[in-house]
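K.L.:
Please read through the structure below; I'll follow up with questions.
The values are calculated or read from the model by the stated rules, or taken from the named source; none is laboratory data. No experiment lies behind these values; they were computed from the predicted model shown. Every residue, glycine among them, receives a Cβ derived from its backbone with ideal geometry; neighbour counts consider all protein chains shown.
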2 protein chains.
Amino acid sequence: MFKIILYPTDFSDTAGKSLDYLKQLKNAGAEKIVLLNVIHQRVLDTLETVHKAAYFQDARYHEDRDEAELNLTKDRQNKLAPIAVELEAAGFEVKIRIEKGYPVKEILKVEKEEAVSAIVLGSHGRNNFRSARIGSVSEKVIRRAVSTVLLVKR
Amino acid sequence: MFKIILYPTDFSDTAGKSLDYLKQLKNAGAEKIVLLNVIHQRVLDTLETVHKAAYFQDARYHEDRDEAELNLTKDRQNKLAPIAVELEAAGFEVKIRIEKGYPVKEILKVEKEEAVSAIVLGSHGRNNFRSARIGSVSEKVIRRAVSTVLLVKR
């Protein structure tokens, strides 16, 4: 029921709180955690625009843009690494995935690809207003996911 | 994190499936289950209407109506009893609550009164269309609950 758990994180506080719940699920049979971070399409589009503008349409802007994207990916890897270490120390097998695109779509794609049993989700991401009852990404994932969802409130 | 769990049930299939998840949470620290069934206000209103009509406004219709309501409550108790037995056999302390009113409001009231740590909820109730991604009661509870919610999908 909880064997393979998908844990999407955007490094927000609520996502961090979810980590404690994940660990608690160890004794309920959780074995493997798929640790996911999505680089938002908006961020990628911004990189594209910024570098294109800086080079005045020179085709070589692509090299710089690709390097920037690589650095961004490295940054995410660096942020995921200590979480993976923490989960491994708690006895889990951990798989890290960094995807590019739209969060809801990517989360549901990974849910399917990794055949997860459950998703542990923070109720709010980094971009959500404090006043919102629940973040838009979380809300959509809850609706569309096939798996059981543990929604950790702020 | 999972010490006291609120488990609202309308005896639907998805609510039944939630029972397996509840048991699984025993090892994650769950100790007490608050087993809740709500007698919907619509049902109570119907009782009122039907008995009032049968008695042609005779004030004594109240006696019959009250008896009908009592029988309804007994019926719910009979349906909750085997679930309580099953949960007790799994090692939980169980508290049964039957509330009258609107499900979302009653669930949130009991969440507060019983100081629950988490809510285990089926994604669909008895009255939801198969095609709906998530039932309306579940959706509202997810939004408004303060506690962590485990949403069990159909």
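K.L.:
Output yes when any residue across segment A:123-140 is modelled with pLDDT of 95 or more and within 14 Å of chain B (Cβ to nearest Cβ), and no when none is.
P.N.:
For segment A:123-140, residues modelled with pLDDT of 95 or more and within 14 Å of chain B (Cβ to nearest Cβ): absent.
K.L.:
Return the total of residues in segment B:8-25 being within 14 Å of chain A (Cβ to nearest Cβ), in contact with a strand residue (DSSP E or B) (Cβ under 6 Å, 6 or more places away or on another chain), under 18 Å from residue B:111 (Cβ atoms) and not polar (S, T, N, Q).
P.N.:
3
K.L.:
Ok, one more. For the subset of segment B:27-55 comprising residues that are touching a residue at least 60 places away in the same chain (Cβ under 8 Å) and of a type outside the set (A, V, I, L, M, F, W, C), which member is surrounded by the most Cβ atoms within 10 Å (Cβ to Cβ)?
P.N.:
B:37
K.L.:
Shifting gears a bit: In segment B:28-49, which residues are touching a Leu at 6+ places or on another chain (Cβ under 9 Å) and farther than 22 Å from residue B:70 by Cα?
P.N.:
If the condition is that a residue be touching a Leu at 6+ places or on another chain (Cβ under 9 Å) and farther than 22 Å from residue B:70 by Cα, then B:28, B:30, B:33 are the ones that fit.
K.L.:
Within the group A:58, A:64, which residue is surrounded by fewer than 14 Cβ atoms within 10 Å (Cβ to Cβ) and more than 17 Å from the chain's Cα centre (by Cα)?
P.N.:
A:58
K.L.:
Could you please tell me which pairs satisfy a Cβ distance under 8 Å, a separation of 6+ or placement on different chains, a first residue in segment A:73-88 that is of a type in the set (Val, Ile, Thr), and a second residue that is surrounded by 14 or more Cβ atoms within 10 Å (Cβ to Cβ)?
P.N.:
Matching pairs, first to second residue: A:73/A:39; A:73/A:98; A:83/A:9; A:83/A:19; A:83/A:35.
K.L.:
Residues B:38, B:34: which one is under 16 Å from residue B:116 (Cα atoms) and in contact with a strand residue (DSSP E or B) (Cβ under 6 Å, 6 or more places away or on another chain)?
P.N.:
B:34
K.L.:
How many residues does segment A:26-50 contain that are within 14 Å of another protein chain (Cβ to nearest Cβ) and either over 19 Å from residue A:107 (Cβ atoms) or at pLDDT below 95 (or both)?
P.N.:
5
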